[in-house]
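Below is one structure, written out as structure tokens; the observations come after it.
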Amino acid sequence: MSSNPQTNPDNQEIDLSQVSKRIGKAFEDFSTWIFRGFLFIKRNIIILAVLFIIGAGLGYYLDKSTKVYDHQIIVSPNFGSTEYLYSKVNLIAAKIKERDTAFLKKIGIKDTKKLADIKIKPIVDVYKFIDNKPENFELIKLMAEDGDINKIVVDEVTSKNYPYHAISFTTASLTDDSKTVNPLMDFFNDSDHFKQIQKVYLKNLANRQISNDSIIHQIDGVLNEFSVNNSSIGSKSDKLVYYNENTQLNDVIKTKTELVQDKANIQLELVNINDIIKKNSSVINIKNTESINGKMKFVLPFIFIGLFICFGLVRAFYKHQMSKSNI
């Protein structure tokens, strides 16, 4: 005797019939819901049109009267002042959130109520980080052995050592350098500690430059004497070759080249360290179109219409429940 259960064809037909009825009922309910939606729109077409016009008009007014602008300052902290700069920016950000207008006015920022946000982030530049700095290159290599190099270059500890950083802030209206940028830079450069370091650093650079000039002058004297002595002997004499091989003339010339390059580097460095926090460039009054900024004329009509529809659904649900309770 077989123990396998027998399938009843009648049961299969009943199940299929029930599934078919449920699908048909669901489709009918959906069609009814769509039809009621059309009826709702037809009954309230005037109200919906008025809400759309009011929303578009109010949104256009808000877009025209309220505008958000982004601004950015590229800076380079000198004398190891990166952490100091970040703490200053975080302090201003905290004061903005607290709406401490007295503090903002004290540091010279005008239109304090329109300053919405400020933040700072490093400009990732690994090549600049390791340029002529073997110790930084070795550090990157060492850290890369224990982790993902992509994560390391953007790590907070590493990124704060990059030479350039971007300070971004937002205002609710147009601004200019005198209202925001210059007061911010003055606040960042107001540090007695780093001003003392700057003085010492500048003095050391001046001494190094004087020393380089003295050594270059001495080398020029040696080379001139060598040139005069050998001009009388002849440039192709055996004595010239012997003298060149035994006085390491190439090393002397190489040393002079390095000193001249160092002198040029000092001149460039003097340009970059005239401030504790050096402002390299700034871009202001970039209109912010992210999120719903500048799009209120499109957003408000749908918000008003959506609220009206939600109110209609709640009212219909309430009536339906009331009618059931009265049965």
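For the stretch 162-203, how many residues meet the condition of being assigned to a loop (DSSP other than H, G, I, E, B) and not aliphatic (A, V, I, L, M)? Give the derivation first.
Taking the stretch 162-203 first, the residues assigned to a loop (DSSP other than H, G, I, E, B) are 162-164, 172-176, 189-191.
Filter again for not aliphatic (A, V, I, L, M), leaving 162-164, 173, 175-176, 189-191.
Qualifying residue count for the region: 9.
Being touching a helix residue (DSSP H, G or I) at 6+ places or on another chain (Cβ under 6 Å) and modelled with pLDDT of 90 or more is a property that does not hold for SER76.
When you check VAL50 against the structure, is it in contact with a Leu (Cβ under 9 Å, 6 or more places away or on another chain) and not hydroxyl-bearing (Ser, Thr, Tyr), yes or no?
no
For residues in the stretch 34-63 being of a type in the set (A, V, I, L, M) and surrounded by 15 or more Cβ atoms within 10 Å (Cβ to Cβ), which is farthest from PHE311 (Cα to Cα)? Before you say what the answer is, go through the steps one by one.
If we filter the stretch 34-63 for residues that are of a type in the set (A, V, I, L, M), which is where we start, we get 34, 39, 41, 45-51, 53-54, 56, 58, 62.
Filter once more, keeping what is surrounded by 15 or more Cβ atoms within 10 Å (Cβ to Cβ): 48, 51, 56, 58, 62.
Details: LEU48: 13, LEU51: 14, ALA56: 20, LEU58: 21, LEU62: 25 Å.
Step by step, filter the stretch 34-63, then rank; the result is LEU62.
One line per residue, one yes/no per condition, for (1) under 28 Å from the mean Cα position of the chain (by Cα); (2) modelled with pLDDT of 90 or more:
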{"residue": "ALA172", "(1), (2)": "yes, no"}
{"residue": "LYS199", "(1), (2)": "no, yes"}
{"residue": "ASN224", "(1), (2)": "no, no"}
{"residue": "ILE233", "(1), (2)": "no, no"}
{"residue": "LYS254", "(1), (2)": "no, no"}
{"residue": "THR257", "(1), (2)": "no, no"}
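Listed conditions (1) surrounded by fewer than 13 Cβ atoms within 10 Å (Cβ to Cβ); (2) within 15 Å of VAL299 (Cα to Cα) are all met by GLY80, apart from (2).
From the set of residues in the stretch 262-279 that are among the aliphatic types (A, V, I, L, M) and not in a helix (DSSP H, G or I), which is farthest from the chain's Cα centre (by Cα)?
Pass one, the stretch 262-279, residues among the aliphatic types (A, V, I, L, M): 264, 266, 268, 270-271, 273, 276-277.
Keeping just the survivors that are not in a helix (DSSP H, G or I) gives 273, 276-277.
Details: ILE273: 24, ILE276: 22, ILE277: 18 Å.
Out of the qualifying residues, it is ILE273.
Flag not set for LYS106, criterion: in contact (Cβ under 8 Å) with a residue 24 or more places away in the chain, over 20 Å from ALA166 (Cβ atoms) and surrounded by fewer than 19 Cβ atoms within 10 Å (Cβ to Cβ).
Of everything in the stretch 2-17 that is surrounded by fewer than 10 Cβ atoms within 10 Å (Cβ to Cβ) and polar (S, T, N, Q), the residue that is modelled with the lowest pLDDT is SER2.
The values are calculated or read from the model by the stated rules, or taken from the named source; none is laboratory data. Only a predicted model underlies this, so the values are computations on that prediction, with no experimental measurement involved. All Cβ positions, glycine included, derive from the backbone under ideal geometry; neighbour counts span all protein chains shown.
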